[in-house]
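Since every read-out is calculated from the coordinates, none of them should be taken as a lab result. It should be emphasised that the depicted structure is a prediction, and the values quoted were computed from it without experimental measurement. When we count neighbours, we look across all protein chains shown, and the Cβ atoms used for this are built from the backbone with ideal geometry, even at glycine.
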Amino acid sequence: MDAILSRRGVCGLLLTLPLLAPARAEEEAAHIMIDNFVFTPPELNVKTGTKVSWKNEDDIPHTVMGKGGGFRSKPLDTGDEFSYVFAKAGRVDYFCTLHPHMVGSVIVAD
Amino acid sequence: MADREDGINRRHALECMIWAGTGVLWTVAGGVPKSMGLLGDAQAAETSASALTFLQISDSHVGFEKPANPNALGTLQEAIDKVGALPSRPSFMIHTGDITHLSRASEFDNADQVIGKAKLDMHYVPGEHDVIDEDRGKAYLDRYGKNAKGAGWYSFDQAGVHFIGLVNVLDLKAGGLGNLGDEQLAWLEDDVRGKSSSTPIVVFAHVPLWLVYDKWGWGTDDGARALGLLKRFGSVTVLNGHIHQIVQKVEGNMTFHTARSTAFPQPEPGAAPSPGPMLVPAEKLRTMLGLSNVTIASGQRPLAIVDSTLAQM
């Protein structure tokens, strides 16, 4: 649900982008690696609005899903990436729906 | 295994189950199932007329093409070729999941085409790789779920044995293991209600229903609840896949067995940094892939399981 909302949000943003663009700071980015069935780093601290991307380096597909929903990637095959913008402050736990013992957290602060 | 005076003796039992394929050969002899171990000196076999023999294949991962096995469809084909070469025809075959690698229609198509060449009745349960389509399992259910309940669970009877296929790869919880869920457990309770405790039970699912190794998620959170519902039965055989290697144990009247993959091996629990595909020298690969053959004879005799590799014969 949140993913749909955020997609709508992005659409809205695109429409107003020419107006907003000069005022917006550049989007921050952070990366999480999936390797050997582990999210690295397992805990990531980011600022609100950061776009976090996960890249699968394993020979087995993985997924990334917020623990309470919020976001869910498609299956990521080797080399595939998924990203999500964390717009709200707080702690977000996530896991791989194929190998649920794989867990990680993104801690978002203003 | 020890010879049994009242049952098939070791040699005869082995002969009954000789074949060289890539799955587990299961012989169910009316009572406690038994693993027969690997066969080195395969000889021709005659199966007793009253015995029920079926095959288990698992983890074919059609679509996988990484270095651990660049041609998973090819090794599945080799396994099915072995099935065709068996001296006696098994009654049916079960596939304990991960038919495909990425739940793609083309992968299911290729798997069906190859497995169909065995011309055996098939009974599937899904692995987690079979339910990662957009609709989380619809692709699998559309193909294999016609007579199934819920996410694909079902039961059937053959030769006096009650077979139960369970699904433990959906709605997995963060930090958890495989999952059956309340709805399926309620169905299971209902399914076995009223059955005589002397009915041999064979239950199969993708992820081991017992805890093999929690750090790698090799177990099922509510597996013990399912096994609890089957406790009163005199013979329960639990067949799983997922871990791409043979692990067995016997606990009271329950025998647990996992089958090899037909695609690629995985490391022993804790023997590597992760449970990912294990890269072995090309000439060794086929000694680590396989299937199983199970025979169930009539009377209170052991069920026998023979695991064979692709390298045999």
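Rounded to the nearest Å, what's the spacing between the alpha carbon centres of region A:60-110 and region B:82-144? Just the number, please. Result: 30 Å between the Cα centres.
Ranked by the mean number of other Cβ atoms within 10 Å of their residues, highest first, the peptides A:41-50, B:154-163, B:118-127 come out as B:118-127, B:154-163, A:41-50.
The alpha-carbon atoms of region B:174-313 define a convex hull whose volume equals 115 cubic angstrom per residue. Contact order for region B:79-196, expressed relative to its length and based on alpha carbon pairs under 8 Å spaced 6+ residues apart, stands at 19 percent. Taking 26 Å as the limit for the C-alpha separation, the pairs A:LYS51/A:LYS74; A:LYS55/B:LYS173; A:LYS74/B:LYS173; B:LYS215/B:LYS249; B:LYS149/B:LYS249 exceed it in the case of B:LYS149/B:LYS249. For B:LYS284, the lysines whose Cα comes closer than 24 Å to its Cα, not counting residues fewer than 8 places off in the same chain, are B:LYS66, B:LYS82.
Neighbouring Cβ atoms from other chains, within 10 Å of the Cβ of residues in A:57-69, number 3 on average.
Arrange B:TYR140, A:TYR84, B:TYR213 by Cβ neighbour counts within 10 Å, fewest through most, would you? Can you show the working numbers first?
Values: B:TYR140 30, A:TYR84 22, B:TYR213 17.
By the 10 Å Cβ count, ascending, the order reads B:TYR213, A:TYR84, B:TYR140.
Each of B:ILE99, B:ILE201, A:ILE32 was scored by other Cβ atoms within 10 Å of its Cβ. Arranged with the fewest first, they read A:ILE32, B:ILE201, B:ILE99.
Taking the square roots of 5 times each eigenvalue of the Cα gyration tensor of region A:26-109, largest first, gives ellipsoid semi-axes of 20, 13, 11 Å.
Give the whole-number value, in cubic angstrom per residue, of the convex hull volume spanned by the C-alpha atoms of region B:244-313.
Dividing the Cα hull volume of region B:244-313 by its residues yields 91 Å³.
Between B:THR255 and B:VAL236, B:THR237, B:VAL238, the built amide H atoms are under 5 Å apart, and every one of these is 5 or more places off in sequence or on another chain. The packing ranking, built from the mean of other Cβ atoms within 10 Å per residue, places the peptides B:223-233, B:101-111 in the order B:101-111, B:223-233, highest first.
Straight Cα distances below 24 angstrom link B:LYS146 to the lysines B:LYS117, B:LYS119, B:LYS138, with same-chain residues fewer than 8 positions distant left out.
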